[in-house]
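Here is the structure we will look at.
Just so you know, all these numbers are worked out from the coordinates, no wet-lab data involved. Bear in mind that the values here come from a model prediction, so they are computed numbers and not experimental data. Please note: Cβ atoms are built from the backbone with ideal geometry, for glycine as well, and neighbour counts cover all protein chains shown.
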Amino acid sequence: MGDKIFTLSEAKAWLPQIKEELAALKELVARIEDQYLDLQKLKLIHKHSQVGDGKDGFFEVESRIDFMRMEAEMLIQNFGRKGVQLKMISPGLVDFPSLLNGEEILLCWREGEETITHFHGWNDGFMGRKLLP
């Protein structure tokens, strides 16, 4: 188990910020995917083009994608620094280490849910989710 243990109240208090950060991360990932697809199309066009000056001009786009990837990695790491486990970006799935009757559990929130209403054991995963008592 990690260092941070959340009470249900603490996890719920963090949830608005977690939702906001997840939305920012999802938007960034979508931009990375769009830029990457555009780059692949440009490379394909350039490859089949008979005209060219020997400079492919892809360095700037590739650098921008690399920078966005680093930014995404930083956002992902920010979840961990808070003690929160980001399990999936889309749809968002986040776990908060907690205790229930002395047992180590994960409070589980899935994107689209208003608040945290489920938990599961450390080895159960999402499929083992149960309603909080």
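Under a cut-off of 14 Å between alpha-carbon atoms, report the aspartates and glutamates in cross-link reach of LYS41, not counting same-chain residues fewer than 8 places apart.
Cross-link targets: GLU33, ASP56, GLU62.
Which net charge results for the neighbourhood of MET127, defined as the other residues with beta-carbon distances under 15 angstrom from its beta-carbon, given Lys and Arg at +1 and Asp and Glu at -1?
That works out to +2.
What spacing in nm lies between the two simple spin-label points modelled at ASN78 and GLU113, each 7 Å away from Cα in the Cβ direction?
Here the answer is 2.3 nm between the modelled labels.
To test your reading of the geometry: what angle, between 0 and 90 degrees and rounded to tens, separates the Cα axis of helix 59-82 from the longest principal axis of the chain?
Helix 59-82 sits roughly 10 degrees off the main axis of the chain.
Between their Cα atoms, which of LYS12/LYS130; LYS26/LYS47; LYS4/LYS87 are more than 21 Å away from each other?
Those over the limit are LYS26/LYS47.
Identify which of the listed values of Cα extents along the principal axes in Å was calculated from the structure shown: [x] 70, 25, 25; [y] 44, 30, 24; [z] 49, 33, 25.
Read-out taken from this structure: [x].
How far, in nm, would the chain grow between ARG64 and ALA13 when pulled straight, counting 0.36 nm per residue and subtracting the alpha carbon separation?
14.9 nm
For LYS4 and LEU39 in one chain, what is 0.36 nm times their gap in residues minus the Cα-Cα distance, to one decimal in nm?
Taking LYS4 through LEU39 to full extension adds about 8.5 nm, to one decimal.
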